[in-house]
Amino acid sequence: MPKKTSTSSFGTSKREGHDSSKFYSRNLYSPAEVQAGGSVVAENEAAPADEGEWLDRIFCRSSEQMPLPDGSVALAFTSPPYNAGKDYDEDMSLDDYLGLIRRVAGEVYRVLKPGGRYVVNVANLGRKPYIPLHAHFYQVHLQAGFLPMGEIIWQKAKGSAGNCAWGSWRSARSPRLRDIHEYLLVFAKEEFSRPDKGESDLTPKEFMQSTLSIWEIPPESARKVGHPAPFPVELAARVIKLYSFVGDVILDPFAGSGTTCLAALSLGRHYVGFDVSKEYCNLARNRLSATQAGLL
Ligand SMILES: C[S@@+](CC[C@H](N)C(=O)[O-])C[C@H]1O[C@@H](n2cnc3c(N)ncnc32)[C@H](O)[C@@H]1O
């Protein structure tokens, strides 16, 4: 008898006999009217005394309120918590969860320059029913004032890579789709083009690849990085090169292990990141110090 797996923070390698009851018992799957408020409690590390102190820094506090000046950031790239049962996830209703995404979207909008971009990595959840988070995210970000610029399908694998969660085997009774993709939703503030000038560092080959709407990049190993859901440095580097100039400020409002900031540093940009977890802030700072040392 194969052992059952259940939804865990660092993922499951096998899906056969997978017990999804833990996932479906989360508040995400309860009617909104029975929910209590679920706002994320921030650690609220002190705000910097002057503007210069926020650059190239990881803040251990919620990005619902960022101590950054208006119009100071050229590009924000992030992967928010999906509220799906990872270590760092609160058990929020869909409404409460979208409230968090809305508050952060408002702050990102404020700190972006005109023509600045916000690229949000999101995956859809569940099957019974399917929760199309990316559709909810469009609504939230358009309401916050963002202009939609396009969307990239991040293809994480070619085949099924050991995922056997196909529902009824070879039967139309109850087949289930096995996602091998996530989305990168691309938004702009006020203008689709950057009104200012700057230096781009894309090679012709990179430009041709990155302007296609499907990016095939393997996922990062959670165990290797020490965070439950890191995205690969290559993904962040591609976004940064396509949507920012050398020397720009790059923000990640849900920085986790600091991958966006790491890619920004390696590519000659400034960074600023936020995370509520002390553990992940320290992880990000350590990764950044190691990268900085390697660049010297
Ligand atoms: C999907 S992970 C980001 C992973 C990141 N892209 C990486 O490569 O490591 C989302 C992160 O958001 C953090 N988080 C949750 N609520 C937050 C909030 N209100 N403000 C800032 N960070 C938050 C979590 O601690 C978690 O590390």
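A few comments on the model shown:
- Accessible area in square angstrom per residue, the range 46-134, 1.4 angstrom probe: 35
- Distance-filtered residues of the range 91-115 - backbone nitrogen under 11 Å, label point 7 angstrom along Leu147 Cα→Cβ: 114-115
- Gain on full stretching of the segment that runs from Glu53 to Arg102 - 0.36 nm per residue minus C-alpha separation: 15.0 nm
- Net charge contributed by nearby residues that have their C-beta within less than 9 Å of Ser79 (K/R +1, D/E -1): -2
- The chain - mean residue ellipticity at 222 nm from DSSP helices (-39,500 (n - 2.57) per run, n ≥ 4, rounded to 500): -8000 deg cm²/dmol
- Computed over the range 206-250, Kirkwood Rh from alpha-carbon pairs, angstrom: 12.0
- Net lengthening on full extension, Asp70/Ile217 (0.36 nm per residue, minus Cα-Cα): 49.6 nm
- Where no second cysteine Cβ lies under 4.7 Å, the cysteines concerned in the chain: Cys164, Cys261
- Take every Cα pair under 8 Å whose residues are at least 6 apart in sequence, average their separation, divide by the length of the range 128-277, and the relative contact order is 20 percent.
- Within-15-Å neighbourhood charge of Ser210 [Cβ basis; K, R +1; D, E -1]: -1
- Three principal axis lengths of the chain [C-alpha, angstrom, descending]: 59, 47, 37
- Here the extension length gained between Phe207 and Ser25 equals 61.1 nm, from 0.36 nm per residue of separation less the Cα-Cα distance.
- Look at the alpha carbon pairs under 8 Å that are at least 6 residues apart: their mean separation over the length of the range 241-296 gives a relative contact order of 36 percent.
- Contact order normalised by residue count of the chain, Cα under 8 Å, 6+ apart, percent: 22
- Mean-position separation - Cα centroids, the range 79-98 and the range 134-194, in angstrom: 17
- Exposure rank, largest accessible area first [Leu295, Leu112; 1.4 Å]: Leu295, Leu112
- For the pair Ser266 and Cys164, a Förster radius of 41 Å applied to the C-beta separation gives a FRET efficiency near 0.65, rounded to the nearest 0.05.
- Among 262-273, 89-100, 186-197, sorting by the average number of other beta carbon atoms lying within 10 angstrom of each residue, highest first, gives 262-273, 89-100, 186-197.
- Averaged over its residues, the range 184-263 has an accessible area of 45 Å² per residue, based on protein heavy atoms and a 1.4 Å probe.
The values are calculated or read from the model by the stated rules, or taken from the named source; none is laboratory data. These figures come from a predicted structure and were not determined experimentally. So basically every Cβ, Gly included, is an ideal-geometry build from the backbone, and we count neighbours across all protein chains shown. Side chains included, ligands, DNA and RNA excluded: accessible areas come from the protein's heavy atoms. Shrake-Rupley method; radii C 1.70, N 1.55, O 1.52, S 1.80 Å.
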